[in-house]
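Where a number appears in this text, it was derived from the coordinates with a stated rule and is not lab data. Please read all numbers here as calculations on a predicted model, not as lab measurements. Every residue, glycine among them, receives a Cβ derived from its backbone with ideal geometry; neighbour counts consider all protein chains shown.
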Amino acid sequence: MSEEKSNRRSYSSPLRCNQKEDTRNRILDTVAKMISEGRILDFSVKDVAVRTGISYGTVYRHFPTRESFLEALYEEASEIMTQSAPFSPQSLNDIPVMAGKTIEKFEESATLVQAFTIALLVNNVKPKSRYQRDQTIQEVVMESTPRLSSGGAKQVASIISHLCSSLTWATLRQRYGLNSTETAEAMNWVLQTLIQDLTRHEDEQP
């Protein structure tokens with residue numbers, strides 16, 4: 001009898017889990033829209049509940065604080081980028097290709113990525129996935145440009161990381177009004193030009 005009770009307690013309804021996940025996604029979609037509209041510092045759990053049309057208690061169970069909303073956005077955007085467009089170049093020439101694929105994913109989840117980028121800037125947060133990407137780029141630069149000093153390699157890697165970032169994408173799209181194609185072409189051109197120059201300098205060194 002006790003074993004039957006234990007089994008009943010451990011059972012989790014797939015339908016209920018799906019409903020819970022759908023509710024969570026609706027809440028995060030609303031938060032992303034609010035942040036994209038410029039409400040990064042002045043929204044509350046109550047504001048999100050009203051905007052989403054979900055009870056305050058339900059929203060609070062998922063996200064009890066404004067910070068918990070932001071943390072969830074970081075995780076959501078990072079997971080999308082990591083799973084759909086993993087950034088794992090083996091050489092400098094791989095970087096523009098992978099950056100192009102990443103930009104496509106930015107466009108597919110534009111509202112979420114914009115909110116993610118704004119939240120990162122305002123809260124000065126750097127997710128673990130971004131540390132990993134920056135480290136990968138620095139390793140590729142150091143391996144591909146052995147004649148560069150460690151300081152020079154770090155500078156180059158920093159520039160490439162910035163060019164591949166959601167911040168660069170969002171700035172070109174929002175501040176300068178480039179469309180998706182123009183943004184992708186501009187980012188690719190700069191990366192290609194930088195990498196070609198690095199390669200040329202390496203080849204010219206005795």
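Some observations on this one:
- Helix runs (DSSP H) in the chain reaching 15 Å along axis by Cα, Kyte-Doolittle at least 1.6: 110-123
- Between TYR56 and LYS101, the simple spin-label model (points 7 angstrom out along Cα→Cβ) gives 4.7 nm.
- Computed lengthening from THR171 to GLN192, 0.36 nm per intervening residue step minus Cα-Cα distance: 5.6 nm
- Calculated [θ] (222 nm, deg cm²/dmol) that DSSP helices of n ≥ 4 give over the chain, each run adding -39,500 (n - 2.57): -24500 deg cm²/dmol
- Across the alpha-carbon atoms of the chain, the computed radius of gyration and Dmax are 21.4, 82 angstrom.
- Cβ-based net charge around LYS154, under 12 Å, with every Lys or Arg adding one and every Asp or Glu removing one: -2
- Percentage of interatomic Cα-Cα distances in segment 13-64 larger than 18 Å: 29 percent
- Lysine pairs meeting the criterion (Cα under 20 Å, 8 or more apart or interchain), as found in segment 94-206: 4
- Amide N of segment 130-156 lying under 15 Å from the label point, which is placed 7 angstrom from the Cα of SER91 along Cα→Cβ: 140-146
- Rel. contact order, % - alpha carbon contacts under 8 angstrom, at least six apart, the chain: 19 percent
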